[in-house]
1. Quick one: in the range 43-67, of everything that is open to solvent by 70 Å² or more (accessible area, probe 1.4 Å) and within 30 Å of Asn78 (Cβ to Cβ), which residue is nearest to the chain's Cα centre (by Cα)?
2. Restricting to the range 10-64, and then to whatever is without any contact (Cβ under 8 Å) to a residue 40 or more places away in the chain and among the charged types (D, E, K, R), can you tell me which residue is nearest to Ile89 (Cα to Cα)?
3. Which of the residues that make up the range 85-125 are in a strand (DSSP E or B), touching a His at 6+ places or on another chain (Cβ under 9 Å) and aromatic (Phe, Trp, Tyr)?
4. Do you know which residues across the range 85-94 are open to solvent by 20 Å² or more (accessible area, probe 1.4 Å) and touching a Ser or Thr at 6+ places or on another chain (Cβ under 7 Å)?
5. Output the number of residues of the range 72-84 satisfying the condition of being open to solvent by less than 80 Å² (accessible area, probe 1.4 Å) and assigned to a strand (DSSP E or B).
Amino acid sequence: WYHPGSVDGVSIPNFNKGWGGAFTYNLNNWAGLTVDVGGHYHDGSVYTVAGGPKFTYRRGHFAPFGEVLFGFAHISPNGAPDDNEFALIAGGGLDYKVTPRFSIRPIQADYVLTSYNALSSAGNPTYLNGVRLQAGVVFSFGLPNEVAPIASCSASPGTVDAGAPVTI
């Protein structure tokens, strides 16, 4: 998470350490709804919670994806008041499927837009633009495909007299 600069003399640091996690409910093979949470630290902290659509192009082992998420950011720079503001997170990444339930995410890059207004004069928001880079693992908890039960029955001969043998 990166934003060099200051607001009214208070330095807004580069929040370059952190964690992230997301849960996606797939509506079909290419569209899903994602909830994303993250925390980033360095001379203060930023926490984000956002949700929105995620689109995935699944081809063999590779699954590139893009997402646009809306939510909020809680920003706490050291030596300055906390602030809660709207956040927009837009970006994408690539998953590499190892097994049907496990993938590796070598890269995810997102643009993060929010603001810090705790020290700004009224009507003058200070926008914070950032880039969030992540990598990690993906666990798929989807249920297996449902298989409809199939049954058939036939008899030979098709008509039977009393006492005659029948094969089913």
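1. That would be Tyr47.
2. Ranking the candidates gives Lys54 first.
3. Tyr96, the sole residue that qualifies.
4. Correct list: Glu85, Phe86.
5. Our first condition is that a residue be open to solvent by less than 80 Å² (accessible area, probe 1.4 Å); within the range 72-84, this holds for 73-77, 80-81, 83.
Next cut, assigned to a strand (DSSP E or B) only: 73-77, 83.
Number of matching residues: 6.
The values are calculated or read from the model by the stated rules, or taken from the named source; none is laboratory data. All figures in this text were calculated on a predicted structure; none of them were measured in a lab. With ideal geometry, Cβ positions are generated from the backbone for all residues, glycine too; neighbour counts draw on all protein chains shown. Accessible surface areas use protein heavy atoms only, side chains included; no ligands, DNA or RNA. Shrake-Rupley method; radii C 1.70, N 1.55, O 1.52, S 1.80 Å.
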